[in-house]
Amino acid sequence: MTDVPAADDPAGELPVGVVGVVGLGAMGRPMALALGSAGPVLAWDADPGARDRAVGEGVALATSLEHLARECGAVVLSLPSAAVVAQVVAQVVSEVVAQVAEVAGAGPELLLLDTSTIGPEDSRSIAATARAAGATYLDTPVLGRPEMVGRWTVPMGGPAAAQPEVARVLAPVAARVVHVGDVGAGATLKVANNLMFSVINAVTAEALVLATAAGLDPGVFVDTVVDSGAASVSGLFRSIAPRAVAGDFDPIFALDLVRKDNALAVGLAASLGVELPVGAAALALHEQAVEAGHGAEDSVAVVKVLEERLGRPARRTGT
């Protein structure tokens, strides 16, 4: 493993050329804004609403995905699923190949940095598609919440020689870029990390409901534990538990995405003959919450399934 600070370039500048960002959701939009503060950026999202929100915050939009592919030397992907990543990569590399065919002697020089959370086999398959067209695809998922942009850690799967360039491109969003192995290794690390997120998310909901059922104000539970220094307190608990007892389920990380990531971990384990009994239990709870219609809410809305079974909400009752 090689760990290189993302701001390793002494000039503090991005590589020459425009950086593209495809996907302007909860992670992609802050990425586009941060990258745009350091150099030219063109962004794209298939959703007109996401494009409008990004434009309202000052993000420069490409007129199309093809336009972005023609203008950018590096493209950062932040997309919801492997299927969407594969589709976008196929379109982007196809446009680059077509452009190169019009310019005799030119060769495609495109770097694809995939910050999406997908499985390692999908990463390897997509990398092969890119490689066949002369482009380089690396799995570079993000460790960090949206509001921590600029301080993220990015594990990189791919050739170690690509790390310095990746670090320069991602310098405005990541404090560290860590080479963790071949293509697929970054995706594996992210899936394992998000398995922990899934379990902490589910058990936080259970703790709030348990306190409520036992007659303890869940707000008192959260207030007492959150700054206690107890080993049980994670950054995720600090983020989601106060909002849950306040009834604030506006999405920071949508429950449907947590369910997807939880399923990726359980599926990867099954393909390797590994049992994840705790992860599988968390997945069952997340799936029930999504089926109950809470998928677009924040991850901790999983508590609503347990509240329904309890017959009352796990909300703060004191002042």
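Remarks
- DSSP H segments from the chain that extend 27 Å or more along their own axis, Cα-based, with Kyte-Doolittle mean of 1.6 or above: 82-101
- Selection from G186, G36, L110 lying farthest towards where the dipole of the chain points positive, charges on Cβ: G186
- Rounded to the nearest 20 debye, dipole of region 89-236 from Cβ charges on Lys, Arg, Asp, Glu: 280
- Spin-label model distance (nm) - L216 vs H67, 7 Å beyond Cα toward Cβ: 5.6
- A protection proxy built from the mean count of other Cβ atoms within 10 Å ranks the segments 307-315, 82-90, 187-195, most packed first, as 187-195, 82-90, 307-315.
- Residues in region 251-293 that a label on L310 would reach, taking backbone N under 17 Å of a point 7 Å out along Cα→Cβ: 285-286, 289
- Its Kirkwood hydrodynamic radius, worked out from the mean inverse distance over all distinct Cα pairs, puts region 189-310 at 14.5 Å.
- Options A132, V92, P159, ranked by Cα towards positive dipole end of region 2-181, top entry (Cβ charges): P159
- Point-charge dipole on Cβ atoms (K/R +1, D/E -1) for region 2-181, about Cα centre, debye to 20: 240
Read-outs throughout are calculated quantities, based only on the coordinates presented, and are distinct from any laboratory measurement. On a predicted model such as this, the values are computed, not experimentally measured, just so you know. Cβ atoms come from the backbone with ideal geometry, glycine included; neighbour counts cover every protein chain shown.
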